[in-house]
Amino acid sequence: MEESSGIQLTSAKGIGRRRRGGDQILKGLVASAAIAVVILLLALGAELIIHSSLSLITFGPSFLIGTTWDPVHQIFGALPFLFGTILTSILALLIGLPIGLGVAIFLAEKAKGRRMFGYTLGTLVELLAAVPSVIYGLWGLFFLSPILRTYVETPLHNYLGILPIFASAPFGLDFFTAGVILAIMIIPTVSAVSRDILNAVPNSQREAMYSLGGTHWEVIRKAVLPYARSGIFGATILGLGRAVGETMAVTMVIGNTPRITASLFSGGYTLAAVIANEFTEASYPLYTAALVEIGLILFGLALTINLLARLLIWRMTRNTRFRV
Amino acid sequence: MGTPSLAGKGFRRRNLLDKVMTGLIYLAVVLAVIPLILIVGDVVAQGGAEMSLTFLTHLPTPVGVSGGGIGNAIEGSAILVGLATLIAVPIGVGAGVYFSEWPESKLSFVSSFMNDVLAEFPSITLGIFVYIIVVLATRTFSAVSGGIALAIIMVPIVARTTEESLKIVPTSLREASLALGIPRWKTVLRIVISTGRSGLVTGILLAIARATGETAPLLLTAFGSNYYFGGNLWSPIAALPLLIYTYGISPFQDWHSAAWGAALVLVGFMLLLNLSLKLLIGRKFAGVRAEI
Amino acid sequence: MESGPQGYSTKFETIGLKAGFGGHMVLDGIDLRIPQNRITAVMGPSGCGKTTFIRCLNRLHELTPGATVEGVALLDGENIYDKNADPVAIRRRIGMVFQKPNPFPTMSIYHNVVAGLSLNGVRDKKILDHAAEHSLRGAYLWDEVKDKLANSGASLSGGQQQRLCIARALAVEPEVLLMDEPCSALDPTATAKIEELVTNLKKDYTIIIVTHNMQQASRVADYTAFFYLGKLIEFDETARLFENPKEELTERYITGKFG
């Protein structure tokens, strides 16, 4: 054996004695972090249920279909907020989905030749996601709302006011403006996920269609989109999930009055907005419990939507090497 | 799926359709980018007018009195996010390490799933939770409760990005380390985490960006204040997004102006952070960001 | 199948070594005596268990979830699978070089080489410097990197990276060196250099080299073990195994009649 550097690395030149110390400590520490997550979620669920129990017991299932929200007379019903959340979210999808999908198609299909341009564009759209909700709200309140009222809502009301959806006098702070703001906010989500899905469609699909003599649009419509269908559906629902949970931007432009109506230009309220506005003012236990129950409903809605979205995206991408 | 015909007249029509659809796609892109330009433009225009050293360092003054500022809100946000980071990073990184290095355990599976569920929680509902367990219990709004609420928002982000960054580290590096007789815990700490560290840091920065912009949970926890932080973490504290909200919906003109100024500071910070992250790491985590 | 000729001392001996994943058996009872200070090649078609075999020798195999090991492996007469044995201490006595070079990407050349020492608590710079130079010389890499020890490990060519990994393994002064097809990702020049240095190393180390390249085995190895479908078919001095194989399977493999 050559000149040794004199280090005794093993206590004896043997097989050592099993020491687990460091490994157990590390594993224990990081496992506790994982346990903390579990405990946190369980505590979340438990506390929400416990503190809404007064309302759950008092109103039962009729809470979900109750149309009156009257803190003064202690009558609470969640339907106006459910209505508002669903209406604004659907509006957001109707506007945001085509745009987000269009951006995704552009980035996945048409920007291939001009990488820098596509990259810049993609970045700009992603930056939309970096703007905090409250700033969307501020901008919506002072800029978007007046513009929509003057240039969109008033003409629509004046010319098409017989239609129930345009029947209310346009005020600017209503379901419509909230829907538009939400649409802008979900564009990055829809476009990013859709773009990944479109990129995951194998090129062989496109090439087959091209070789049959299809135009680019035909290739997209007949070869790419059908393949990506359930994934894009999933992206849609993810966008929906994001819209449902949005609080600040919505509450600043929706008018904050509980109302169920067909008119888009009427003021309204959402599940998240009522909690934000009224929680710190809730002066007696039933009031607080009703609001916590609203939070529970909101969570249930968001969870269901997101699970559905993941299921759809997983189903489409499980055969490709891909991660969302 | 019908075969497109190659007949002349049909081809002209199909070609036209292709051009129309292409036009619509370009329109969509324009429609997507315009709001960003408008928002940033308006924030810069309105907020820029307010900008001054006074504005950034002074306390708010009563309505009608000039010389006020948002100094306490900037400080408050820094304290809240700092607190939240101190809480969220150990838990998030720890959980992420566990998910990555011990993926076969049942705890890993359950916790990872719950982590994803936690990420989908609407932030206002998290505010309710922290209100119940901290504000009610201590009978006061506080910086601590605000920090905890923001931490709960940050943990799933940090955990997920940590897990992804570490999973990318090739198994053969772990094996090379173990084969040298380096114990597993040192392998994880000194080799795996070290190799994946840029992803880890990115995730933490993303979480910080997210937390800085959050308003809803702070309405029920930190509550807001007109004063600088006085040293007591158990009393209410100001925050930039809170100020923007309360001033924005108020009836006072100079409060509106202050809100825009604060918005400029906030947006400036967020855009700067996101842009630098994007430059550093490219698209890899943009998907995670957009999904949250 | 019995182990081969006498006349050498045994460094490593496996008795009834079985290993697998989940229900699936990869090694089906290996009895083999590895000679000290010699180069032993382990050869066989894909799936014969040769990589699993050496990974059992440094207790790396068991780290894969679902992996199973049974049997006895004696290092200098002591069973490394004894329930009181410390895998970490055992792995310090056995070095491993992998198929694809895997230097630690965040470390310089210098820190890569001494990683096994510094991460195990050795702080004395003089010792580390000495170990670095010594191992790099042993890996025939010193002259090429001595002026750029602070450069990143990833800045080297493939062949140099593999020699770096060899140096890294040598720095902890193992007794045994396991090499899993170390040249399969390298070009012929790099391969030749590594074969040369390995031949030089055997005077100080017991070397076991997995290879699918019969020419390499005949160039480099003193002894060769032929595995097939998880069983040891034949073990003999390399020259004798190639020229005069005792088993029909061995002969068919050597003459290229299958994989």
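The values are calculated or read from the model by the stated rules, or taken from the named source; none is laboratory data. Here the structure is a predicted model, which is why all the values come from computation and not from measurement. As a convention, Cβ positions derive from the backbone with ideal geometry for all residues, glycine included, and neighbour counts pool all protein chains shown.
Tell me which of these residue B:159 doesn't satisfy, since it passes every other one: (1) more than 8 Å from chain A (Cβ to nearest Cβ); (2) at pLDDT 95 or above.
(1)
Mind listing just one residue for me: the one in the stretch B:79-135 that is under 24 Å from residue A:28 (Cα atoms) and not in a helix (DSSP H, G or I) and, of those, nearest to the other protein chains (Cβ to nearest Cβ)?
Filtering the stretch B:79-135 for residues that are under 24 Å from residue A:28 (Cα atoms) and not in a helix (DSSP H, G or I), the one nearest to the other protein chains (Cβ to nearest Cβ) comes out as B:104.
Among the listed residues A:261, A:215, A:304, A:257, which satisfies the condition of being hydroxyl-bearing (Ser, Thr, Tyr) and closer than 22 Å to residue B:119 by Cα?
The match here is A:304.
In the list B:80, B:24, which residue meets the criterion of being in contact with a Gly (Cβ under 7 Å, 6 or more places away or on another chain), farther than 20 Å from residue B:241 by Cβ and of a type in the set (A, V, I, L, M)?
The match here is B:24.
Pick from C:40, C:64, C:52: which is in contact with a helix residue (DSSP H, G or I) (Cβ under 8 Å, 6 or more places away or on another chain) and among the hydroxyl-bearing types (Ser, Thr, Tyr)?
After applying the criteria, what remains is C:52.
As an exercise: evaluate residue B:184 against (1) within 11 Å of chain A (Cβ to nearest Cβ); (2) under 30 Å from residue B:264 (Cβ atoms) and give the number of the one condition it does not meet.
Here residue B:184 clears every test but (2).
Of the residues A:236, A:215, which single one is in contact (Cβ under 8 Å) with a residue 24 or more places away in the chain, of a type in the set (S, T, N, Q) and either out of contact with any Lys or Arg (no Cβ under 9 Å at 6 or more places or on another chain) or within 11 Å of another protein chain (Cβ to nearest Cβ) (or both)?
The conditions single out A:236.
Consider residue A:252 carefully, then state whether it is surrounded by 20 or more Cβ atoms within 10 Å (Cβ to Cβ), over 12 Å from the mean Cα position of the chain (by Cα), aliphatic (A, V, I, L, M) and at pLDDT 90 or above.
Criteria met by residue A:252.
How many residues, within the stretch B:206-257, are more than 11 Å from chain A (Cβ to nearest Cβ), in contact (Cβ under 8 Å) with a residue 60 or more places away in the chain and at positive phi?
Going through the stretch B:206-257 one residue at a time, the tally reaches 0.
Taking helices (runs of 4 or more DSSP H) that do not extend beyond the stretch C:79-146, which have at least 3 residues that are in contact (Cβ under 8 Å) with a residue 12 or more places away in the chain and surrounded by 24 or more Cβ atoms within 10 Å (Cβ to Cβ)?
C:109-113, C:125-138
Is it true that residue B:264 is more than 19 Å from residue A:136 (Cβ to Cβ) and either out of contact with any Asp or Glu (no Cβ under 9 Å at 6 or more places or on another chain) or at pLDDT 90 or above (or both)?
In short, no.
Can you say whether residue B:166 is in a helix (DSSP H, G or I) and in contact with an Asp or Glu (Cβ under 8 Å, 6 or more places away or on another chain), as far as the supplied structure shows?
Spelling it out, residue B:166 is indeed in a helix (DSSP H, G or I) and in contact with an Asp or Glu (Cβ under 8 Å, 6 or more places away or on another chain).
Between A:285, A:258, which is more than 24 Å from the chain's Cα centre (by Cα), modelled with pLDDT under 95 and under 20 Å from residue A:77 (Cβ atoms)?
It is A:285.
Counting just the residues of the stretch A:111-123 that are facing chain B (nearest Cβ under 8 Å) and crowded, with 18+ Cβ neighbours inside 10 Å, which one comes out farthest from residue B:210 (Cα to Cα)?
Looking at residues that are facing chain B (nearest Cβ under 8 Å) and crowded, with 18+ Cβ neighbours inside 10 Å, I get A:121.
Being under 16 Å from the mean Cα position of the chain (by Cα) and either surrounded by fewer than 16 Cβ atoms within 10 Å (Cβ to Cβ) or polar (S, T, N, Q) (or both) narrows it down to one of B:54, B:85, B:61, so name that one.
Sole residue among the options that is under 16 Å from the mean Cα position of the chain (by Cα) and either surrounded by fewer than 16 Cβ atoms within 10 Å (Cβ to Cβ) or polar (S, T, N, Q) (or both): B:85.
Would you pick out the residues in the stretch A:36-54 that are small (Gly, Ala, Ser), under 27 Å from the mean Cα position of the chain (by Cα) and either more than 9 Å from chain B (Cβ to nearest Cβ) or within 19 Å of residue A:268 (Cα to Cα) (or both)?
Within the stretch A:36-54, A:45, A:46, A:52 meet the criteria.
Restricting the stretch A:96-109 to residues that are surrounded by fewer than 22 Cβ atoms within 10 Å (Cβ to Cβ) and facing chain B (nearest Cβ under 9 Å), which is farthest from residue A:180 (Cα to Cα)?
A:109
Pick from B:122, B:156, B:183, B:90: which is out of contact with any Pro (no Cβ under 8 Å at 6 or more places or on another chain) and under 30 Å from residue C:52 (Cβ atoms)?
Going through B:122, B:156, B:183, B:90 in turn, just one is out of contact with any Pro (no Cβ under 8 Å at 6 or more places or on another chain) and under 30 Å from residue C:52 (Cβ atoms): B:183.
Restricting attention to the stretch A:219-233, which residues are in contact (Cβ under 8 Å) with a residue 60 or more places away in the chain and away from chain B (no Cβ under 11 Å)?
A:224, A:228, A:229, A:230, A:231, A:232, A:233
Return a yes/no flag: does the stretch A:124-141 have any residue that is at the interface with another protein chain (Cβ under 10 Å from one of its Cβ atoms), surrounded by fewer than 16 Cβ atoms within 10 Å (Cβ to Cβ) and closer than 29 Å to residue B:262 by Cα.
Within the stretch A:124-141, none of the residues are at the interface with another protein chain (Cβ under 10 Å from one of its Cβ atoms), surrounded by fewer than 16 Cβ atoms within 10 Å (Cβ to Cβ) and closer than 29 Å to residue B:262 by Cα.
Which pairs have Cβ atoms under 6 Å, sit 6 or more apart or on different chains, and link a residue in the stretch A:58-84 that is closer than 20 Å to residue A:245 by Cβ to one that is among the polar types (S, T, N, Q)?
These pairs meet every condition: A:79/A:67; A:81/A:270; A:84/A:270.
Looking at residue B:22, is it surrounded by 14 or more Cβ atoms within 10 Å (Cβ to Cβ), without any contact (Cβ under 8 Å) to a residue 40 or more places away in the chain, over 21 Å from residue A:127 (Cα atoms) and within 14 Å of chain A (Cβ to nearest Cβ)?
yes
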